[in-house]
Structure formats: structure tokens, C-alpha cells
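The values are calculated or read from the model by the stated rules, or taken from the named source; none is laboratory data. Owing to the predicted nature of the structure, the values given are computational and were not obtained by experimental measurement. Note that each Cβ is placed from the backbone with ideal geometry, even for glycine, and that neighbours are counted across all protein chains shown.
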Amino acid sequence: MNEDPLFTEEQLEEARVLFARQATFMMGAVAIDGLPPGDLPEVAFAGRSNVGKSSLINGLVGHKGLARASNEPGRTRELNFFVLDDKLRLVDLPGYGWAKASKITVKKFQNLGRDFLRGRANLKRAYLLIDARHGLKEVDKEPMDAFDKAAVSYQIILTKADKMKPHEVEAARIKTEAAIAKRPAAFPRVLATSSEKGDGLAELRAEIMTTCEVRP
Ligand code: GDP
């Protein structure tokens, strides 16, 4: 699905072993002064509600109930920290694009997310999840602007690729790569994934492992 593999078989295997280690929910932070210490490398995940963020986090660690798959705005207000065997953390950023949430509430989450991005030296990369069928929308510019502004390296991940034909996924990937070409902090390569089928997850694990410079 993602052509030109960037990782060797050995790296993919190492990443598989790493992500097979125990993943646990560490804490949810509702304010910037309630964050865990910045002692482990972190990668963060952002995306509109319902994009498949919980499913992707669960799929990466092979733990169905880790991130709560829920579309209720109230459930994803916090910054949620998951720790993988004391080696790295996965951070679930507050979702965006809710029709139901009030403007004030939305603002609050945006500020929390933004403060986090600005001040987190151990944040190695953010992943912005985009539904492969929808592509980038106006509402997705906000997190991209926030990443660019905070100079946080970020990569776009297309989700739910199983809902399209392979050539359509490839077209969506190329279109998205073209759309972000001029964004300063965006990683040029766009990944396509399916949490349902597992496509693209091995590569994403390897990427997180190398980005965080950890070994299993
Ligand atoms: P979140 O709100 O971003 O955390 O999204 P969820 O992970 O809760 O997923 C939202 C909906 O999309 C759920 O009904 C999932 O079953 C579905 N979904 C998530 N990932 C995939 C995928 O890779 N393929 C398919 N077909 N459906 C998916």
C-alpha cells in the first residue's frame, strides 16, 4: 500500500517486538500543568472525531480496549497518555471538528493542545489522521497551522484505507502529499493505514520506533 518501503525487514520485526510490549493508559491531563514529566520520547495523534484515532492507537499496540473508541466529545477532551513498556509514550490529542461541542469548550481544547505542542521538548512527532475518503478539509488546516507554528514535525496518516480501492488510496496519498508540500513542519511522505485490516501499521510502528530512537 505504501510503496518504496523505508524500513528493512529487521527494523519492521524490531518494531513489532517493541509494540508487542505492554501498553497501558497512564493518565489524562485536562490542563497544561497536569502533564507527566517529559522523561520519555513521545509521539502524538490528532484528528477529527471519528477519523479512527482510537482504533489506530489500539491497532498499533494490539490492544483493543486501550484508547476508548468513542465519538462522544466529552470522552476526548483530555490529553491522554499511554506508555509503552516505559520506553515511549503515545499521546492522544484532543479531537476537533465536533458539531456538538460548544465554542467555548472547543476553544479550551484547542488551547490545551496548542500549549502542549509549544512546550513539549520530548515530543518527537505528531501524526495527523485524515480519513482517506475525505482527504484534507478546511477544518484540518487548524491543527496543521498549529504544528507549523510550534515547529512540531508532523506526518499525515490516511485512515480507513480498506474502504477504498488500492488505486484510489494511492491517488489520495499523492494528492495529500502535494497539498502539504509547502508546509514547513510537515513530513513529505503521507502514510495510508487501515486499522481494520492492519495495513500500514507495521511501517508506522517502525517509524515511531526510529523517530523516538528506542529499541525493544
Ligand atoms: P476516533 O473518534 O477518531 O477515535 O475514531 P474511532 O477509532 O472510534 O473510529 C470511528 C469509527 O470508524 C468506528 O466505527 C470504527 O470502527 C471505524 N474505523 C476506525 N478505523 C477503521 C478502519 O481502519 N477501517 C474501517 N473500515 N473502519 C474504521
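Only residues that are of a type in the set (Lys, Arg) and not in a loop (DSSP other than H, G, I, E, B) were counted across region 111-147, and they come to 5.
In region 175-198, the condition of being more than 15 Å from the chain's Cα centre (by Cα) and at positive phi is met by at least one residue. The residue pairs whose first member lies in region 183-212 and is more than 22 Å from Met144 (Cα to Cα) and part of a helix (DSSP H, G or I), whose second member is within 10 Å of the ligand (Cβ to nearest atom) and among the β-branched types (Val, Ile, Thr), and whose beta carbons are closer than 7 Å, counting only pairs six or more residues apart or on different chains, are Leu201/Thr193. Looking across Ala206, Ala171, Ala181, Ala185, one residue alone is away from the ligand (no atom under 16 Å from the Cβ), in contact with a strand residue (DSSP E or B) (Cβ under 9 Å, 6 or more places away or on another chain) and among the small types (Gly, Ala, Ser). It is Ala185.
Report yes if some residue within region 50-60 is away from the ligand (no atom under 16 Å from the Cβ), at pLDDT 95 or above and surrounded by 13 or more Cβ atoms within 10 Å (Cβ to Cβ); otherwise report no. No, region 50-60 has no match at all.
Take the conditions within 25 Å of Glu9 (Cβ to Cβ), in contact with a Leu (Cβ under 9 Å, 6 or more places away or on another chain) and surrounded by fewer than 22 Cβ atoms within 10 Å (Cβ to Cβ) and apply them to Leu201. Does it pass? So Leu201 fits the description; yes. Across region 156-182, the number of residues qualifying as surrounded by 14 or more Cβ atoms within 10 Å (Cβ to Cβ) and part of a loop (DSSP other than H, G, I, E, B) comes to 2. Scan region 11-38 for residues that are within 18 Å of the chain's Cα centre (by Cα) and either in a loop (DSSP other than H, G, I, E, B) or among the β-branched types (Val, Ile, Thr) (or both) and jot them down. Of everything in region 11-38, just one residue is within 18 Å of the chain's Cα centre (by Cα) and either in a loop (DSSP other than H, G, I, E, B) or among the β-branched types (Val, Ile, Thr) (or both), namely Thr24. When region 128-155 is filtered for residues that are more than 16 Å from the ligand (Cβ to nearest atom), surrounded by 20 or more Cβ atoms within 10 Å (Cβ to Cβ) and at pLDDT 95 or above, the ones remaining, listed by number, are Tyr154, Gln155. Being modelled with pLDDT under 95, within 16 Å of the ligand (Cβ to nearest atom) and either among the hydrophobic types (A, V, I, L, M, F, W, C) or touching a Lys or Arg at 6+ places or on another chain (Cβ under 7 Å) (or both) is a property that Val190 lacks.
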